[in-house]
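Worksheet: the structure to be examined is printed underneath.
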Amino acid sequence: MADTAHAAHVGAHLETHSETSTGLDSRKLAIWTFIGSECLFFASLIGTYLVYRGRSLVGPFPHEEWVSPAGVHFEPILEIKLVTVGTALLLFSSLFVVLALNGAQRGRRGQLLTWLGMTILCGMFFIGMQVYEFTHFVHKGLTIKTNLFGASFFTLTGFHGTHVTIGVIWLITVFILALRRKLPPEKALNLEIAALYWHFVDVVWVVIFPVVYLMK
Amino acid sequence: MHQRNSALRRHLGWAPLCALLTATLAACTDPAYTQNTLNPRGDFARMVDHVFLTTVWWAALAFVLVEGALLYAVFRFKGRPDDPEPKQIHGNTTVEIIWTIIPALILAMIAVPTVRAIFKTYEVPVGPDVTEIEVIGHQWWWEFRYPKAGVVTAGEMHVPMGQPVALRMTTQDVLHSFWVPQFAGKRDVFPNRNNVLWFRAEVTGNFSGQCAEFCGIEHGRMGYRLVSESPADFDKYIKGLQATAPPGSATMRMVSSAAPATPVQVSTSGATVPQQKARGDTAAASVQAAPAAPAAPSDPLVAQGEKLFTMKGCIGCHSLDATKPTGIGPNLANVGSRTYIAAGMLPNTDENLARWISNAQAVKPGVLMPNLMLKPDEAKALVAYLRTHK
Amino acid sequence: MATTVTGDLRTQAAHAHAEPTGLWSWITTVDHKRIGILYGASAFMFFLIGGLEALLLRIQLGRPDNTFLSPDAYNQLFTMHGTTMIFLAVMPLSAMFFNFFIPLLIGARDVAFPRLNAFSYWVFILGGLFLNASFLFHAAPNAGWFGYANLTSTQYSPGLNIDFWMIGLQILGIASLAAAVNFFVTVLNLRAPGMKLMRMPMFVWMSFITQALLLLAFPVITVALILLMFDRFFGTHFYVPSAGGDPILWQHLFWIFGHPEVYILILPAFGIVSEVLPVFSRKPLFGYAAMVFSGAFIAFLGFGVWSHHMFSTGMGPIADTVFSLSTMLIAIPTGVKIFNWIGTIWGGSIQLKTPMYFALGFIAMFIMGGLSGVMHASPPADLQQTDTYFIVAHFHYVLFGGSIFALTSGAYYWWPKMFGRMLDEKIGKIHFWLMLIGFNLTFFPMHFAGLLGMPRRVYTYSAETGLTWLNQLETVGALVLFLAIAAFLYNILKAWAGPRNAPADPWNGATLEWAIPSPPQPFNFAEIPVVHSRDPLWELKRERGGPLPEPARVSGAGIHMPNPSFWPALTACGVAAMLIGVMLLPKLGPWGIIAGGALLLFGVFNWAFEPA
Amino acid sequence: MDAQVAATPGTTPLDHDHDHPGPAVYVKIGIILFILTALEVAVYEVGYNHADAGFGAVLHPVVVPVLLLLSACKFALVAMFYMHLKSDSRLFSGVFVFPLVIAAVIICALVALFFYLHSLHY
Ligand code: HEA
Ligand code: HEA
Ligand code: CUA
Ligand SMILES: [Cu+2]
């Protein structure tokens, strides 16, 4: 009756990694499901941004100069250089977290902590970049209320930034676990799930960067 | 015929089937239904009706066959608990393919006339014989402008029978939907663009229509009247409106060239909607021979009304000059001769008019015309005055 | 072998498992069956509220120029009626069946994430109560259930009404998404051994597809609502035309959500009747694979038809054509379903019990709703129909004649399993006939009212329109519906007062839930069954050559079930508080949001580090 | 036979043992990603700012498709290697790619619908 005992076991540990019908861990499947759902969230925001591209009645504009009716001159507002750095940081953080995961799975604590720390730093830099960018825009006269570009830009990148922030908080939690030696290889999944979310936040930026910053 | 229906109603009104019969019988011809879409009186509505009936017949066929099969199966295969187990069938590929294909064929029968009609609905007639009307939705009444003639009116849209009418529609505030039940269908109106609808009326008469997109508290009372009349009467009507301009018709000219531009100001920030190209400048020339505006009032009641119209602030929202587009309220240039007032709600009797202007809020709660607290004699004077504006 | 495994279920004698009771046990429960009951009870309450709102609407429309309701009251009531019925009645009633029966039907002990499940429920109920709390402020939402911009802008709707709606729907969206992730994973991962995907009961399949729809559709309305929220609270101009915004964007986003939403409402119903019909025809479901694929195809197509709600906006002939044709296409897979149901009862031995009545009523009524849907799908014709009672007739035929009939069928079918009590057959049949007659009397004349010129969402009409008698028929019908629902209530109360003596398998069922006692024990299956076919219980009974013995209640000692937890409910409060904090920004400043966020984080961390 | 079936939990397990690529591959992918990003910015610079002559003139009309292509490549690389979709169960790919396709179609449809709408003038 080995199989019956085994079957009873299936129901017993519902939230832990155990034999499931697909053989896949439920939590991992859940985060993928959630990521799938998030695709539609960002699609709606990106769709809104694209639909309103070039339809602002007043400036400042992303890529064009603008002279206001009062005669004030506005430069194109986007700062490609700054954002390129942020983009690169976010991409590297994806590499770092996958290295950290590799460390976690092989029980190499040093590798895990180093790269996870690097990931968190990159994430924080990215957030810092965005905070700087946002305040800079406000000083240059673009707020969320100014025009459609402002509204759709701040909403899209702002929600992405919120996701990055949540990701950073999550990774910090995992980092603390790892520091306290609570992330042994058999629990590497805890990091893997956070990492999947992190990569997703990264690929969303991979889309946002050209769509918002590079297309005139 | 009508009587027989009501008898039927009394006896069997509860049964859905009889409702069906009575309604279909009554619907086709019964003038009792003032917004009857099954009784088209214009070419657009006729085309739409034709497509609709096509779908109805195919749907009816599907309905009878499928519901019939269902009922048959229920009665034919009714069992008892102790019956032997019926034959266990899991499926049948041939049958399944057949009942995938047949609906597809039926849909094709519906789709072809549909697509043909879709393209027609967007073919707005153009040409010198086309009467262009600009329809502007307001919370909760309709404004109509005749750009070629340079006049504006409200609540009642006159069209010449037999001639193509092209409606160019927008809104001053929120979305509405302009519905012409017996002549065309509906089109929603948007603040930031124009929408179109067209038709050719086949009969004369006074018809009703109303707003069909929820637009706030008084959406239910946002009606209007459509008056279809002979081209000669229509001409007279337009001339009459033009004549409401004060003598020295500079204003008229101004409006007729400005009107096409439809200066639809969006109330929030004053940004303008894209302006249309000027149209119908030539028509302005024909406006010369307008009769004089109403003579100075001889009746003292009317004179008092005239004073009150300014004193009570009516003038702030309403204009009595059909060549001047007005602000918040409907243009009242020909209010005296309209068949209905208050967006198609009240027949235009003296009592109703008095009731309305004394306290519009009591008649149509939430309406954007304030309660002006008129005393009965003031109301009477105003009514008398408004009656002179035909 | 299989016999032994499942046989073991029924022979292990032992002391009854002590089930916790009391309010606290309901707040902290993570048992999918109890959460299901919570969903059901709440949703039914909301259904009664929504029905009462409808009755008020009907009374107002019972006479021309009636002043029973003020225009504003009418607008609030129809908005809340639609919103309540869709988001607070039909969706959570389906959720009740997901919760209670998906694990039972796939042979699992619980859902994949029991605490997340509790969280979903608590978010849902808070959202529902919040929406209805608007009545206390005389500020119930009043712009219709699809709240078209720019009427919802601060300029044209300055009050709290739209705020309640906007925030309430966002709260409800979170509940739906959390539940959808949970059930999606549950169906994929917790199936009993041998329960291959193509052996799953049809209800599980349709529910699974519904979860996919929820996952893909809800983010879109969330974004639409966020943009609206920014417009109203932070001065953006997404839907404000004077600054270049376009109100039509709202319509697109709303209906990209909205059309899949109507399939979210109907697919579980399809699933339910696909369970009921075979059992009461004593014949397996006809064309199982075709049923699965047509369900999936309907859902997939459902994402490509949204603009059929916008034909009158003048999208241009090409867009009209595309959306018209894609919409018509959906009739094909839906037709396949209808025909397969008829194929199921064809040649069967039909047992006319109450659940079967409602299932058959469902087919008959849904066909009518579907056919009027096809009539709307023709844009020229729809230019007359749209925003009239013809549409109101269509969607009540699919929503009430479809979803509600099927959900009622499911309620009668599964009631014994849920509560261990049988509902009365005789009252059930009275309920059915009252409902069928009342339903048709209410909604059939609406087709004619619409075609004869009755626009929807009007608080009154004048006698001149000639529509009085049709409206009166409809109002009488609504009163008959009231009696029908009252009969159902009476049936429930009667069963409640009666003995708890329902057998485990009252209908000669085909699926796993009928193998265990009614009501099931907290762990569902003492031993996880092994499945060899689509109708495992029928197979078992056939092998045995007769009905199975009544399964005994067992101790369940040694079966580890997740512990009750308070954190999901607390986290839910945090979520709700945070969003309500947004609404209170002008009053409290950011403090409401911060407090809610803190509560949320507190809840989440305690939840995450609490041993399961 | 029956025992055999019972021994396999549920349907066939879809998950192979984690044969994820190692750090060397990750770093290589990282370098490619970096290069692609640099290319993106270069396309932007050359295609827009030096559009009057030479390669810029060639590039100018196709900047948008090229950018989209580069971005899609980056997206695919991250998803396949860093998110392990290439080596993990195909179920994960399905759960991700299906929504992604719907998302892309919806974005395209919205853009097309608005473009079409603005092209109608009445
Ligand atoms: C349960 C919910 C549900 C379901 C299942 C449906 C199903 C369908 N709906 Fe409906 N619909 C709504 C709920 C639903 N709808 C709601 C709530 C609204 C209004 C929203 C609002 O404005 O408030 C609405 C509005 C609505 C409109 C917009 C009308 C307007 O506002 O102008 C349209 C237009 O195309 C439409 C079409 C369809 C079609 C084609 C189907 C198809 O899926 C139907 C397919 C079924 C059949 C066709 C019957 C069975 C098939 C056969 C027997 C085969 C043979 C048949 C043929 C060959 C035709 N619906
Ligand atoms: C599943 C969805 C659903 C259901 C079940 C119903 C059920 C009913 N609806 Fe529906 N309805 C909608 C969804 C639904 N509706 C939607 C989406 C709209 C569009 C809203 C909008 O335009 O924004 C709408 C709009 C709508 C209108 C149009 C309003 C308008 O446009 O002006 C009308 C009018 O008659 C109406 C009537 C009814 C009636 C009479 C019922 C009846 O079937 C109700 C039957 C129920 C009862 C009668 C309850 C009985 C109660 C008791 C027995 C309880 C007593 C208990 C206590 C006191 C606690 N509804
Ligand atoms: Cu205007 Cu409704
Ligand atoms: Cu739809």
Open item on the list: For the range A:38-52, give me each residue that is more than 7 Å from chain D (Cβ to nearest Cβ) and within 17 Å of the chain's Cα centre (by Cα).
Closed with: A:Glu38, A:Phe41, A:Phe42, A:Ser44, A:Leu45
Open item on the list: at pLDDT below 95, on the phi < 0 side of the Ramachandran plot and among the β-branched types (Val, Ile, Thr): is that true of C:Thr79 in this structure?
Closed with: no
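Quick check, is C:Ala526 touching a helix residue (DSSP H, G or I) at 6+ places or on another chain (Cβ under 8 Å) and in a helix (DSSP H, G or I)? Full working, then the answer.
Numbers: touching a helix residue (DSSP H, G or I) at 6+ places or on another chain (Cβ under 8 Å): yes; in a helix (DSSP H, G or I): no.
When the stated conditions are applied, C:Ala526 does not pass them.
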Task: Restricting the range B:91-139 to residues that are within 16 Å of ligand 1 (Cβ to nearest atom), buried (at least 21 other Cβ atoms within 10 Å of the Cβ) and polar (S, T, N, Q), the residue that is nearest to B:Cys211 (Cα to Cα) - done: B:Thr121
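Assess whether C:Asp424 counts as being out of contact with any Pro (no Cβ under 9 Å at 6 or more places or on another chain) and either within 30 Å of B:Gln88 (Cβ to Cβ) or away from ligand 1 (no atom under 15 Å from the Cβ) (or both). Spell out the reasoning first.
Details: out of contact with any Pro (no Cβ under 9 Å at 6 or more places or on another chain): yes; either within 30 Å of B:Gln88 (Cβ to Cβ) or away from ligand 1 (no atom under 15 Å from the Cβ) (or both): yes.
So C:Asp424 passes the test.
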Open item on the list: Can you tell me which of (1) crowded, with 24+ Cβ neighbours inside 10 Å; (2) within 16 Å of ligand 4 (Cβ to nearest atom); (3) over 19 Å from A:Ser44 (Cα atoms) is the one C:Met291 doesn't meet?
Closed with: (2)
TODO: Just need a number here: residues in the range D:99-116 that are at the interface with another protein chain (Cβ under 7 Å from one of its Cβ atoms) and surrounded by fewer than 17 Cβ atoms within 10 Å (Cβ to Cβ).
DONE: 2
- [ ] Mind listing just one residue for me: the one in the range C:298-319 that is within 16 Å of ligand 2 (Cβ to nearest atom) and over 23 Å from the mean Cα position of the chain (by Cα) and, of those, nearest to C:Gly147 (Cα to Cα)?
- [x] C:Met310
Task: Test: residue in the range C:357-374 that is in contact (Cβ under 8 Å) with a residue 24 or more places away in the chain and over 23 Å from C:Met446 (Cα atoms) - done: yes
Task: Residue under evaluation C:Val262, criteria (1) surrounded by fewer than 24 Cβ atoms within 10 Å (Cβ to Cβ); (2) at the interface with another protein chain (Cβ under 9 Å from one of its Cβ atoms); (3) within 16 Å of ligand 2 (Cβ to nearest atom), criterion not met - done: (2)
Open item on the list: List the residue pairs whose Cβ atoms are under 7 Å apart, where the first residue sits in the range C:38-59 and is away from chain B (no Cβ under 14 Å), the second is within 16 Å of ligand 3 (Cβ to nearest atom), and the two are 6 or more positions apart or on different chains.
Closed with: none
- [ ] Taking B:Val112 as the residue in question, decide whether it is among the β-branched types (Val, Ile, Thr) and either over 25 Å from C:Thr334 (Cβ atoms) or assigned by TED's automatic domain parsing to the domain that holds B:Ala232 (or both).
- [x] no
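Would you confirm, using the coordinates I've provided, whether C:Asn66 is surrounded by fewer than 20 Cβ atoms within 10 Å (Cβ to Cβ), more than 14 Å from chain A (Cβ to nearest Cβ) and away from ligand 1 (no atom under 15 Å from the Cβ)? Write out each step before concluding.
On the way: surrounded by fewer than 20 Cβ atoms within 10 Å (Cβ to Cβ): yes; more than 14 Å from chain A (Cβ to nearest Cβ): yes; away from ligand 1 (no atom under 15 Å from the Cβ): yes.
Spelling it out, C:Asn66 is indeed surrounded by fewer than 20 Cβ atoms within 10 Å (Cβ to Cβ), more than 14 Å from chain A (Cβ to nearest Cβ) and away from ligand 1 (no atom under 15 Å from the Cβ).
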Open item on the list: Residue under question is C:Phe113, and the condition is that it be of a type in the set (Phe, Trp, Tyr), away from ligand 3 (no atom under 16 Å from the Cβ) and out of contact with any Asp or Glu (no Cβ under 9 Å at 6 or more places or on another chain); does it hold?
Closed with: no
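Any idea which of A:Ala70, A:Ala100 is more than 10 Å from chain D (Cβ to nearest Cβ), modelled with pLDDT of 90 or more and either closer than 21 Å to A:Glu186 by Cα or outside any helix (DSSP H, G or I) (or both)?
Values: A:Ala70 fails: modelled with pLDDT of 90 or more.
The unique qualifying residue is A:Ala100.
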- [ ] Can you give me the number of residues within the range C:69-123 that are in contact with a helix residue (DSSP H, G or I) (Cβ under 9 Å, 6 or more places away or on another chain) and either closer than 30 Å to C:Tyr389 by Cα or within 16 Å of ligand 2 (Cβ to nearest atom) (or both)?
- [x] 27
Open item on the list: For the list (1) crowded, with 23+ Cβ neighbours inside 10 Å; (2) aliphatic (A, V, I, L, M); (3) more than 30 Å from D:His118 (Cβ to Cβ), I need the number of the one condition that B:Ala212 fails.
Closed with: (3)
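Do we have C:Lys541 as under 28 Å from the mean Cα position of the chain (by Cα) and not in a loop (DSSP other than H, G, I, E, B) here? First the steps, then the outcome.
Values: under 28 Å from the mean Cα position of the chain (by Cα): no; not in a loop (DSSP other than H, G, I, E, B): yes.
Criteria not met by C:Lys541.
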Open item on the list: Given the criteria crowded, with 24+ Cβ neighbours inside 10 Å and either within 16 Å of ligand 3 (Cβ to nearest atom) or not assigned by TED's automatic domain parsing to the domain that holds C:Phe218 (or both), does C:Thr79 qualify?
Closed with: yes
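If the requirement is being crowded, with 21+ Cβ neighbours inside 10 Å, touching a residue at least 12 places away in the same chain (Cβ under 8 Å) and in contact with a Gly (Cβ under 6 Å, 6 or more places away or on another chain), which of these qualifies: C:Gly450, C:Gly477, C:Gly466, C:Gly509?
Values: C:Gly450 fails: in contact with a Gly (Cβ under 6 Å, 6 or more places away or on another chain); C:Gly466 fails: in contact with a Gly (Cβ under 6 Å, 6 or more places away or on another chain); C:Gly509 fails: in contact with a Gly (Cβ under 6 Å, 6 or more places away or on another chain).
Step by step, each of C:Gly450, C:Gly477, C:Gly466, C:Gly509 is checked, and only C:Gly477 is crowded, with 21+ Cβ neighbours inside 10 Å, touching a residue at least 12 places away in the same chain (Cβ under 8 Å) and in contact with a Gly (Cβ under 6 Å, 6 or more places away or on another chain).
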- [ ] Return only the number of the condition from (1) at pLDDT below 95; (2) within 13 Å of another protein chain (Cβ to nearest Cβ) that A:Ile77 does not satisfy.
- [x] (2)
Task: helices (runs of 4 or more DSSP H) wholly inside the range C:235-333 that include at least 2 residues being touching a residue at least 24 places away in the same chain (Cβ under 8 Å) and within 16 Å of ligand 3 (Cβ to nearest atom) - done: C:247-281
Open item on the list: As an exercise: evaluate C:Phe183 against (1) touching a Pro at 6+ places or on another chain (Cβ under 9 Å); (2) within 25 Å of C:Pro333 (Cα to Cα); (3) in contact (Cβ under 8 Å) with a residue 60 or more places away in the chain and give the number of the one condition it does not meet.
Closed with: (1)
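The values are calculated or read from the model by the stated rules, or taken from the named source; none is laboratory data. Because the structure is a prediction, the values reported are computed rather than measured. Ideal geometry is used to build each Cβ from the backbone, glycine not excepted, and the neighbour counts take in all protein chains shown.
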